[in-house]
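Only the coordinates and a few stated rules stand behind these numbers; no lab work does. Quick caveat: nothing in here was measured; it's all calculated off a predicted structure. Virtual Cβ from ideal backbone geometry, glycine too; neighbours counted across all protein chains shown.
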Amino acid sequence: MIQLNIKQKKFADYYIETGNATASYLKAGYEAEGNAAEVNASRLLRNAKVLEYIKERNEQLEVEVIADITETKRFWTELLRDENADMKDRLKASEYIAKTNGAFVEKKELQGGFNNKITFGFVDPSVSSA
């Protein structure tokens, strides 16, 4: 993990949480007057180490928070096998598992020729073709 000082780390963590650089700068313990907090927060966001820490932390949070397909399929499988669950929920879980395994892919085969000619035309609906 990237080595930051305590204030930089706090700033980055607050920034990840809020998305507000100026507020994160002040909440991390930095002191500033006027627009100095905004300027210095912007400068911190251009710091290579801070940016790398934010990137790594976001990737880590994504792994911790967002279920991947394996975890999702595991959940559906547990639900499918749970004999105490409602039958409709078990059936829905089996449907989701089947869909993610490609069981419901419709394949249609088209036959015919194409002469590489496309003709455009206009048909006037007011004119009857008798």
Using the alpha-carbon atoms, what tilt in degrees (0 to 90, nearest 10) does helix 69-81 show relative to the longest principal axis of the chain?
-> 70
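Please report the relative contact order for the chain, taking Cα pairs under 8 Å with a sequence separation of at least 6, and give it as a percent rounded to a whole number. Let's see the in-between values first.
Values: 75 pairs, mean separation 20.8, N = 130.
So the answer I get is 16 percent.
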Report which label in (1) -0.57, -0.61, -1.31; (2) -0.33, -0.39, -1.38; (3) -0.69, -0.70, -1.26 holds the value of log10 I(q)/I(0) by the Debye sum over Cα atoms at q = 0.10, 0.11, 0.23 Å⁻¹ derived from the coordinates of this structure.
-> (3)
Karplus 3J(HN,Hα) series, Hz, for the stretch 16-27 with 6.51 cos²θ - 1.76 cosθ + 1.60 (x for Gly, Pro) = 4, 6, 10, x, 9, 5, 5, 5, 5, 4, 5, 5
Highest mean first, what order results for 61-69, 3-11 on Cβ atoms within 10 Å?
-> 3-11, 61-69
By the gyration tensor of its Cα atoms, with a ≥ b ≥ c the square roots of the eigenvalues, what is the shape of the stretch 6-65: rounded for a/c under 1.5, prolate for a/b over b/c, or oblate?
-> prolate
Fully extended, how many nm does the chain gain between Val63 and Phe122 (0.36 nm per residue separation, minus their Cα-Cα distance)?
-> 15.7 nm
Listed by chain and number, the residues whose amide H is under 5 Å from that of Leu4, excluding neighbours fewer than 5 places away on the same chain and using placed H, are none
Asserting the computed 222 nm helical MRE of the chain (DSSP H runs at least 4 long, -39500 (n - 2.57) per run, divided by residue count, to nearest 500) equals -18000 deg cm²/dmol
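Could you list Phe75, Phe104 so that the one with the fewest beta carbons within 10 Å of its beta carbon is first and the one with the most is last? Write down the numbers at each step before the final one.
On the way: Phe75 13, Phe104 9.
The most exposed by this proxy come first: Phe104, Phe75.
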Lysines near Lys73 by alpha-carbon distance under 30 Å, same-chain residues fewer than 8 away left out - which ones?
-> Lys55, Lys88, Lys92, Lys99, Lys107, Lys108
